[in-house]
Amino acid sequence: MARLSERIKTAIENRRNQKTEAAPIAKDPAKRSFKLLFAILEYGKEEMLTEVFNQLGLGFYMVCHATGSDDSQLLELFGLADNRRMVLLSIVEAEKVQTVFDAAAEVYEGTCALFTAKLNSVGGMNTLKLLIGENDGSQV
């Protein structure tokens, strides 16, 4: 696990070094843009991505068991013959999405699909702060 942590730190640092000057990030969560991150990965390999999420300080993520919908030769060709999957969901600041993708690509060993969807609302400022790790949970 220590080797994995070092690989994650290296991937994050490489991404930071590649960045050009970006606009300052607003401190008020209501003025920031967030995305819902979906990760669909091989069954039992979620630990690699949860470690990435922890290293990046993502305030919330959820891991679920899932089942693929098809048993076919095409899935076998792509190395997905086992239709058991893990799905990870997380709330990510839009500015951090590429960093998450880069770190995951650097450390994840296996087949994985990562994509995001824009979040339009969450249901209250306290809930948003809890999901992004800026609340101690006492005000939800």
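None of the figures in this text is laboratory data; all of them are computed from the coordinates on show. Source: prediction; values computed, not measured.
Points worth noting:
- 3J(HN,Hα) couplings calculated from phi for region 100-117 with the Karplus curve 6.51 cos²θ - 1.76 cosθ + 1.60 (θ = phi - 60°) are, in sequence order, 4, 4, 5, 5, 5, 5, 6, 10, 6, 10, x, 8, 8, 10, 10, 7, 10, 9 Hz; Gly and Pro show x.
- Amide hydrogen neighbours beyond the local backbone of residue 34, cut-off 5 Å, H modeled: 94, 119
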